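What follows is a short report on a single structure.
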Amino acid sequence: MLCELSFGDDIKTSSTDVKAVIQAVIQDWIMDSDTYKLYHVDDFDSRQLLEDYMSDNPDMAFKEDSLIFPIANLTKTFSEGQVKGDIVIDLSHGSTVHHLYAACDFFKHIIVLKVSDQCIMELKRWVDERTGAFDWSHATKLHVDIGEARDQLQDKEGKVRSALQHVLKCDLEKEDIMDPIVLPPADCVLCFGLLDVISKDQDDYMRYLRKFSKLLKPGGHLLLIGSLNITYYTIVKHKFHAFSYDEEFARKALIGEGFIIDRCEVKKRSGVSDLTDYTGMIFLAAHTET
């Protein structure tokens, strides 16, 4: 059986040939995906990650999604008064700080866990106010727009710096990711984007989610912020792998690990850029039973 495809001149080809072309395209896509770098395995420019996805640069396309969306949802969640306590453990992508601003008013201690030495150095440069540290003042200003009084923000960065005295390296492949260090159980675990970039597939996502959950005390809260339907993101022309999932999977993953979902917010992507291909953002607040 013959099939005609028109590309200028009429070219007759068999369906077998068409299938071969399609299979070749699919194979090329799979090979490209396999060559994507991995966040927790390969080196990357931690500063460029901030410049491209978190900065105040005029051409930065992700302000609504990577800055405003996390700040707004975390501020609302914490201000409701249910998520608070002594310790919040942060497991997030890169050297991000802005998502922790709201937390410093509701927790005595913020413990930040990183898999990359570069990210630790970048974050400590900001904590210690060293020359060349990334400027997060635009994130501070966003808190004013979202609802905090200006006088409450005058010392916001100072409060965050004071709380960020524990920036530690973790090993995601260990069953206890902090072994041999023993951390006190947390009242809250906050994860911004990390599960997306370290998980190769659904099983990986569930495995890491289970490990992160073990950091919580009974009745503790888990706050997840992620990108929906993402397959890659780019840092200095290098493509990095990201795990693609939808809202339904995220909900089922939490429920499957024994969490009770308190809140879920989803927004469509607003930024136009070929640096990454996500279609939307998701925020999930959940807790375990006591």
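Details
- Check: segment 176-290 dipole with +1 on Lys, Arg Cβ and -1 on Asp, Glu Cβ, in debye: 200
- The stretch between I181 and I260 holds 25.6 nm of extra length on full extension. This uses 0.36 nm per residue minus the Cα-Cα distance.
- Debye, to nearest 20: dipole size of segment 233-290, +1 on Lys, Arg Cβ, -1 on Asp, Glu Cβ: 300
- Report note on the peptides 65-78, 86-99, 226-239: ranked by the mean count of other C-beta atoms within 10 Å, highest first, their order is 86-99, 65-78, 226-239.
- Full extension of the segment from D246 to K76, taken as 0.36 nm per residue of separation minus the current Cα-Cα distance, would add 58.9 nm.
- Per-pair calculated FRET efficiency, R0 = 22 Å: M121 and K174 via Cβ, rounded to 0.05: 0.50
- Whole-angstrom gap from segment 177-194 to segment 41-79, using each part's C-alpha centre: 21
- Protection proxy ranking, highest mean first, for peptides 212-219, 50-57: 50-57, 212-219, where packing is the per-residue count of other beta-carbon atoms within 10 Å, averaged.
- Note on segment 74-128: lysine pairs with Cα distance below 20 Å, sequence gap of 8 or more or different chains, count 5.
- Computed about the Cα centre, the dipole magnitude for segment 187-241 is approximately 140 debye when only Lys and Arg (+1) and Asp and Glu (-1) carry charge, each at its Cβ.
- Extension gain, N229-K217: 0.36 nm per intervening residue step, less the Cα-Cα distance, totals 1.2 nm.
- For S92, nonlocal amide neighbours, meaning residues 5 or more places apart or on other chains whose placed amide H falls under 5 Å from its own, are L113, F192.
- In this structure, the residue pairs whose Cα-Cα separation is over 30 Å, taken from K37/K268; K37/K156; K211/K239; K37/K214; K159/K237; K159/K200, are K37/K156; K159/K237; K159/K200.
Bear in mind that the values in this text are calculations on the coordinates, not laboratory data. Because the structure is a prediction, the values reported are computed rather than measured. Heads up, the Cβs are rebuilt from the backbone with ideal geometry, glycines too, and the neighbour counts pull from every protein chain shown.
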